[in-house]
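Engineer: Could you have a look at this structure, given as structure tokens, before my questions?
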Amino acid sequence: MSQPRFFENFPSVVISVCSLIFLLLSACAALPSLTTAQTCGAKGIAAQVLGSGGPELQDKRAMSSYLIWQDGQARVIVDAGGGSALRFGESGAQMSMLDVILFTHFHVDHSADFAALIKSSWFEDRKRPLPVYGPPGNDFMPATTEFVSDFFGDKGVYRYLSELLVPGEGGSYLMQPHTVVAESTPAAVFHNDNFAVTAVRVIHGPVPALAWRIEIAGKSIVFSGDTNGEGPGLLHLAANADLFIAHNAVPEGAEGVERRLHMPPSVIGQIAADAKVKHLVLSHRMLRTLGKEEQTQAEIRKRYSGPLDFANDLDCFPVK
């Protein structure tokens, strides 16, 4: 008796079914991280780390970038380093949600994905202005207004998107770039019905740089940006912060250029302690600090005894 023709194709049927199962399992395996990311800040206030790394690609982290969420809405993005646009998409945020973009400075690892974010906003058909704030310029760096214009002005690199910057060109919205000339005393920069933003000038070698504080729904979140910690500005800005995100770019004992640009763990710990911050998160984790978490924590614990976390991409920190 001959077998049904079904069995003649049995191997190919099995292969097809197995392939389908594999695809389904692969899709399901991807769901937990995406679901977790999308629940960041669903209720209350949270800060999400889009990029926890530095300029090296070998650390397999996106470069510096952060989101502030309020009740499921992405309100503020701080910096937009390389890789952060992908993380922004993975977070579930949309450019149409954002109220403001803040830059600490314009090194590549803090600003490279700015253009990608703006391009994404064009597809979302955003309908309201998008303020952009950042530091002044000097011989090393452009001022914020120049930085934005160099991308999207009528003679910019991406001038085909100039309708999003140049008045009268008919875009669905306009960017509103502002250069912030701050000092060591916290100064008000931006506010709306949901939150207020203040800034201070910080020292990052010869590069103009800012640290930021966002007051939102009775909570305060401070971003150190890149700084060597010198001067009183960051301490004043971080006073009694509910969450302080500081950059762990150099190990204890760093010297030379590294030390002139970044604060070692002992300085981070001292500022966190003196400012009486309620929760410290370490980000901008470079190859020279990855793997040295025990030493870093030991130095910080000599000075600061509060909650301490090391950030990874897409980590979410509810502000309590």
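What follows draws every value from the coordinates through simple rules; no lab data is involved. The model shown is predicted, which means the values in this text are computed figures rather than measured ones. Cβ: placed from backbone, ideal geometry, glycine included. Neighbour counts: every protein chain shown.
Engineer: Between rounded, prolate and oblate, where does the stretch 173-236 land on the alpha carbon gyration tensor, with a ≥ b ≥ c its root eigenvalues, rounded for a/c under 1.5, else prolate if a/b exceeds b/c?
Structural biologist: Working: a/c = 2.32, a/b = 1.36, b/c = 1.70.
Note, shape of the stretch 173-236 comes out oblate.
Engineer: Also: Explain nothing, just compute: Karplus ³J(HN,Hα) = 6.51 cos²θ - 1.76 cosθ + 1.60, θ = phi - 60°, for every residue of the stretch 158-175 in order, whole Hz, x for Gly and Pro.
Structural biologist: Karplus values, whole Hz, x for Gly and Pro: 10, 5, 5, 9, 4, 4, 8, 10, 8, x, x, 8, x, x, 6, 7, 10, 5.
Engineer: Starting with the fewest neighbours, write out T198, T296 ranked by other beta-carbon atoms found within 10 Å of each beta-carbon. The partial results should precede the final answer.
Structural biologist: Values: T198 21, T296 25.
The most exposed by this proxy come first: T198, T296.
Engineer: I've got another one for you. Which label marks the calculated value of Rg and Dmax of the Cα atoms in Å, given the options [x] 20.4, 57; [y] 25.4, 94; [z] 22.4, 93?
Structural biologist: Given [x] 20.4, 57; [y] 25.4, 94; [z] 22.4, 93, the structure-derived one carries the label [z].
Engineer: Taking a 30 Å limit on the Cα-Cα distance, which of the listed pairs K127/K320; K127/K276; K60/K219; K127/K278; K43/K127; K292/K320 fall beyond it? Mind showing how you got there, number by number?
Structural biologist: Details: K127/K320 32 Å; K127/K276 40 Å; K60/K219 32 Å; K127/K278 37 Å; K43/K127 25 Å; K292/K320 28 Å.
As for pairs spanning more than 30 Å Cα to Cα, those are K127/K320; K127/K276; K60/K219; K127/K278.
Engineer: Could you work out the local net charge near R259, counting Lys and Arg as +1, Asp and Glu as -1, over the other residues with Cβ closer than 11 Å to its Cβ?
Structural biologist: On the way: positive: R260; negative: E230, E252, E255, E258.
Computed value for this residue: -3.
Engineer: Follow-up. Quick one: what Rg and Dmax do you get for the stretch 88-170 from the alpha carbons, in Å?
Structural biologist: Cα radius of gyration and Dmax of the stretch 88-170 are 12.8, 38 Å respectively.
Engineer: So who's got an amide H within less than 5 Å of the one on A42, skipping anything under 5 residues away but keeping other chains? H placed 1.01 Å off N, in plane.
Structural biologist: Placed amide hydrogens put G72 under 5 Å from A42.
Engineer: GNM on the chain, C-alpha springs below 10 Å: top fluctuator among V157, V189, V166?
Structural biologist: Fluctuation is largest for V157.
Engineer: Same structure again: Taking 0.36 nm per residue of sequence separation and subtracting the Cα-Cα distance, how much length would be gained by fully extending the chain between A187 and E169, in nm to one decimal? List each step's numbers first, then the result.
Structural biologist: Numbers: separation 18, 0.36 × 18 = 6.48 nm, distance 3.35 nm.
Full-extension gain reported as 3.1 nm.
Engineer: Would you mind computing, in nm to one decimal, how far apart the modelled labels at F310 and W122 are, each placed 7 Å from Cα along Cα→Cβ?
Structural biologist: Each label point lies 7 Å from its Cα, and together they span 4.1 nm.
Engineer: List the relative contact order of the chain as a percent without decimals, with contacts defined as Cα pairs under 8 Å and 6+ residues apart. Each step should come with its number before you reach the end.
Structural biologist: Details: 736 pairs, mean separation 49.3, N = 320.
After rounding, I find 15 percent.
Engineer: While we're looking at this one, here's another question. Each label point is 7 Å from the Cα along the Cα-to-Cβ direction; what then is the distance between the points at T39 and N138, in nm?
Structural biologist: Once both label points are built, they end up 4.6 nm from each other.
Engineer: What do you get for Rg/Rh of the stretch 44-127 when both radii come from the Cα atoms and Rh is the Kirkwood radius? Display every interim value, and only then the final one.
Structural biologist: Values: Rg = 12.0 Å, Rh = 12.6 Å.
In the stretch 44-127, Rg relative to Rh is 0.95.
Engineer: Give me the net charge of H107's neighbourhood, meaning all other residues with Cβ under 12 Å from the Cβ of H107; Lys, Arg count +1, Asp, Glu -1.
Structural biologist: Working: positive: none; negative: D79, D109, D226.
Cβ neighbours under 12 Å give a net charge of -3.
Engineer: Could you check the spin-label model distance between R259 and R159? Points 7 Å from the Cα along Cα→Cβ, value in nm.
Structural biologist: 4.8 nm
Engineer: For the stretch 120-245, treating each Cα as an identical point scatterer without solvent, what Debye log10 I(q)/I(0) comes out at q = 0.12, 0.14 1/Å?
Structural biologist: These q points yield log10 I(q)/I(0) values of -0.54, -0.71.
Engineer: Pop out the ³J(HN,Hα) list for the stretch 90-95 in order, Karplus 6.51 cos²θ - 1.76 cosθ + 1.60 with θ = phi - 60°, rounded to Hz; leave Gly and Pro as x.
Structural biologist: Karplus values, whole Hz, x for Gly and Pro: 5, 5, x, 6, 10, 5.
Engineer: Let me understand the stretch 173-300 better: what is its radius of gyration from the alpha carbons, and its Dmax, in angstrom?
Structural biologist: Considering the stretch 173-300 through its Cα atoms, Rg and Dmax are 14.9, 49 Å.
Engineer: Here's a follow-up. Normalising by the residue count of the stretch 38-145, find the relative contact order in percent from Cα pairs under 8 Å and 6+ residues apart. Intermediate values should be presented prior to the final figure.
Structural biologist: Working: 237 pairs, mean separation 23.2, N = 108.
The normalised contact order for the stretch 38-145 reaches 22 percent.
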